[in-house]
1. Under 20 Å from a label point 7 Å along Cα→Cβ of Glu88: give me every residue in segment 127-149 with its amide N that close.
2. Along the charge dipole of the chain, pointing to its positive end and built from +1/-1 on Cβ of Lys, Arg, Asp and Glu, which listed residue (Pro109, Leu23, Pro70) has its Cα farthest out?
3. Using the Cα atoms of segment 1-105 to build a convex hull, what is its mean projected area in square nanometres?
4. Once whole DSSP H runs in the chain are found, which of them have Cα atoms spread over 24 Å or more along the helix axis and a mean Kyte-Doolittle score of at least 1.0?
5. Test of understanding: in a Gaussian network model of the chain with alpha carbons linked when under 10 Å, which of Leu23, Leu97, Leu135 would top the mean-square fluctuation ranking?
6. Let a ≥ b ≥ c be the square roots of the eigenvalues of the Cα gyration tensor of segment 45-150; is it rounded (a/c under 1.5), or, if not, prolate (a/b larger than b/c) or oblate?
7. Can you count the Lys pairs in the chain whose Cα atoms are under 21 Å apart, with each pair 8 or more apart or on different chains?
8. Could you work out the relative contact order of the chain? I mean the mean sequence separation of Cα pairs under 8 Å and 6+ apart, divided by the number of residues, in percent.
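Throughout, read-outs are computed from the coordinates displayed, never taken from laboratory work. These figures come from a predicted structure and were not determined experimentally. Virtual Cβ from ideal backbone geometry, glycine too; neighbours counted across all protein chains shown.
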Amino acid sequence: MRGFLLGVVAVLTIVPIVVGIWLGLMSVTTERQVQNLKAPFPVNEDTLLEGMRLYVGNCSLCHGLADGQPSPMAQGFYSKAPQVAADEMEQYPEGMLYWWAEHGIRFSPMPAFQNTIPSQVVWKTVMFIKSVHHLPPAVDAAWKAIPRSVVTW
Ligand code: HEC
C-alpha cells in the first residue's frame, strides 16, 4: 500500500514536470521557427505600395493611419490596438508580425486572417507595417496623403 502511494506521488510529481519541459521546448521551437519566417517576395516600392493599399483596407481601422491617432472604433477597444505610426509595431521580427496576423491574438479584437485572406496578402500588409518608418519617398507621400475619412466619419 505504501509503495503504491509513493508510486502515485511520484507520478503526480514527475508528469507535470515532464509536460512543463515539453511545452517549454515546443514554444521555444515555435518561436524560433516564427522568427525565421521571411516575406516570399522582394520588398520594394511596388510591393510596399500594394502593401499600403491592403493595410488601409484590412488593418487601418484598428491600427491607424500616418497621424498615429486611433479611429473611433479603435478607441473603444479593450485591449488597445497598437497604432502603426506611433507604437513601434515594426520593432518585432517580420515573421512574428506575420504569425500574429495569421493567428490573431486571443482575448483581444485582433482577428486571425489565416482563413480569410491569402498569405501573400497578409505578408504585404506586414511588410508595409515593418517598413512604415522608412518608406520610399513615393510610398511615404501616398501614405501621408490618405485622408482620415477612411477610418472615421
Ligand atoms: C478589429 C481590429 C483589428 C484589425 C482589423 C486588425 N488588428 Fe492587429 N491588433 C488589434 C489589437 C487590438 C491588437 C493588440 C492585441 C493585444 O496585444 O492584446 C493587435 C495586434 C496586432 C499585432 C501584434 C503586434 C503588436 O504590436 O501588438 C500585429 C502584428 C497586428 N495586430 C497586425 C495586424 C494586421 C497586419 C492587420 C491587417 C491585416 C490587423 N492587425 C488588423 C486589432 C486589430
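1. Counting backbone N atoms under 20 Å from the label point, the list is 127-135.
2. Of the options given, the answer is Leu23.
3. Dividing the Cα hull surface by four gives the mean projection, 10.2 nm².
4. TM-like helix candidates: 2-35.
5. Most flexible of the set in this elastic network: Leu23.
6. It is oblate, given that a/c is not under 1.5 and a/b is not larger than b/c.
7. Eligible lysine pairs with Cα atoms under 21 Å apart amount to 5.
8. Once normalised by length, the contact order is 28 percent.
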